[in-house]
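Encoded as structure tokens, the structure appears first; notes follow it.
Nothing in this text is a laboratory measurement; each read-out follows from the coordinates by a stated rule. Treat the numbers as computed from the prediction; the structure is a model and nothing was measured. Glycine also receives a Cβ, built like all others from the backbone with ideal geometry; neighbour counts cover every protein chain displayed.
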Amino acid sequence: MCNVVIWGAGLYAGTVLEAIRTDKCRVVGIVDSNRKLCGTLYKGSIPISLPEELLDGTIDYVVISVMQCGSILTQCRQLGISEEKIIPYWESDQVYEFLDANVKKIFRLEKEVTRLQSHLNNLPYELGLKQTPLMRSAEELLELILTEKKSLCRFGDGELEIMQKRERAWFQNVDEDLSRRLGEVFDSNEEQVIIALADDFGCLDAYTKECQDAIREYLDHGIREKLEELFQPNRVYYDAYVTRPYYMYRDKRHAERIFALFRRVFGNRNLFLVEGEQSCIGARNDLFMGARRIRRLIAPSKNAYSVYQEILCGVRQSVAPDDLVLISLGPTATVLAYDLAMEGLQALDIGQLDNEYEWYLRGAKDRVDIPGKCVAELGKYHRVQEIEDKNYQNQIVARIGLETE
């Protein structure tokens, strides 16, 4: 009998475990990067360990239970696991005698039924038969930033959920004051502030099939109706996906156009970045090529709003009046961009722009690991590969609240 390890104790581990025929193999354990799970038992019987603790020469196969497993494949290679031992369960159609193929068939059919139902429920909005928010494009948004020096506050699903006191993103807990402030910003009508909304509510043709399905599934079961209660009927919103121009889109030339406009925004400007620890935005790539000077304030990558006043004071103490302030701090960035704009600075919430640029440079087909940078989409247990970068370190002028991590 061969020895098998399941990688990932999350959502789909149970399905993979159901597919494994224990008369043909021995499940040695489950590995997961979540240190809180390590040392516990999955379903009361299977030990969970860190990858480096369990994966050795006695293991015949590693079955990956995670659907988007690009970063895990990278970890497998780093641990020296040979390719023939790795089975990405959801991506592989290869037949193994110890895996029951019928389990995957049933699961996929059930998912397809759910996908089609969500599509059907969303179709009237996609066809324009039901009212959706008034939206303007990412290109129009960037032209306003360029020509009128406007600031940008972005509202994706994370911000909208926190406004309704529901948690979504792993890097920011629901906070009563943050919820209130996000609502205040969303309802504001300041001329110098662009309010951007995720373009999820109408036609989705520009996005990949995977992203279309994810949006439809998210908006199903009454979520759309709850979010639409927040919108002002005749207000024009701009596209918050301006900072996510690559991965979601079918036509990757869209990213080329958007990044070219961002370079114009950054060109010949003094940049002041407010970013989470290990974000390293623009480090070791040419995203900020043409900028005159770059300085950075480093804040907590998780629950940054818990030290919001310290961050705001830190920016005030270090920023210059002509700086362009770029912020990547989850929902905290939305509020900070607004407050700085009210003080006469130009501030942009740039979200995951740098990660998107890195994937664009790589021609990535998946949300893959980026050495030396935190990738929020890979989850809270994603490990960042440390890279020594003296140029980046020399740009840091302040560190705020990192002891609260």
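Observations on the structure shown:
- Antiparallel bridges, percent of DSSP beta bridges restricted to the range 116-404 (to nearest 5): 5
- Structure-based [θ]222 nm, the chain - -39500 (n - 2.57) summed over DSSP H runs of at least 4, per residue, nearest 500: -10500 deg cm²/dmol
- Amide proton proximity set for Leu329, modelled H, under 5 Å, gap of 5+: Gly351
- Near the amide H of Ile20, within less than 5 Å, lie the amide hydrogens of Asp100, all on another chain or at least 5 residues away, with H placed in the peptide plane.
- In order along the range 55-61, the Karplus-derived 3J(HN,Hα) couplings, from 6.51 cos²θ - 1.76 cosθ + 1.60 at θ = phi - 60°, round to 7, 9, x, 7, 8, 8, 9 Hz, and Gly and Pro are given as x.
- In order along the range 134-141, the phi-based Karplus estimate (6.51 cos²θ - 1.76 cosθ + 1.60, θ = phi - 60°) of 3J(HN,Hα) comes to 6, 10, 10, 6, 4, 4, 5, 4 Hz; Gly and Pro are listed as x.
- The mean sequence separation of alpha-carbon pairs under 8 Å and at least six residues apart, normalised by the residue count of the chain, gives a relative contact order of 16 percent.
- Take every DSSP beta bridge whose two residues both sit in the range 2-99; close to 15 percent of them are antiparallel.
- When the square roots of the Cα gyration tensor eigenvalues are ordered a ≥ b ≥ c, the ratio a/c for the range 1-84 is under 1.5, which makes its shape rounded.
- Backbone HN-Hα couplings from phi across the range 66-79 [Karplus 6.51/-1.76/1.60, Hz, Gly and Pro as x]: 7, 6, 9, 10, x, 5, 5, 4, 5, 4, 4, 5, 5, 7
- Among Tyr338, Tyr360, Ile145 the positive-end extreme of the charge dipole of the range 116-404 (Cβ point charges): Tyr360
- By average C-beta atoms within 10 angstrom, highest first, the peptides 259-266, 37-44, 287-294: 259-266, 287-294, 37-44
- The chain: angle of helix 353-362 to the longest principal axis, Cα-based, in degrees nearest 10: 50
- Share, in percent, of DSSP beta bridges within the range 193-340 that are antiparallel, nearest 5: 5
- Overall form of the chain per C-alpha gyration tensor (a/c, 1.5; a/b vs b/c): prolate
- A straight Cα-to-Cα reach below 20 Å connects Lys111 with the lysines Lys209, residues fewer than 8 places away in its own chain not being considered.
- Database remark: amide H of Gln346 closer than 5 angstrom to the amide H of Val325 (H placed geometrically; neighbours at sequence offset of 5 or more, or on other chains; Pro and chain starts carry no H).
- Oblate is the label for the range 215-264, because a/c, from the alpha-carbon gyration tensor with a ≥ b ≥ c as root eigenvalues, is 1.5 or above and a/b does not exceed b/c.
- In nm, spacing of pseudo-spin labels at Cys203 and Ala320 (7 Å Cα→C-beta vector): 4.5
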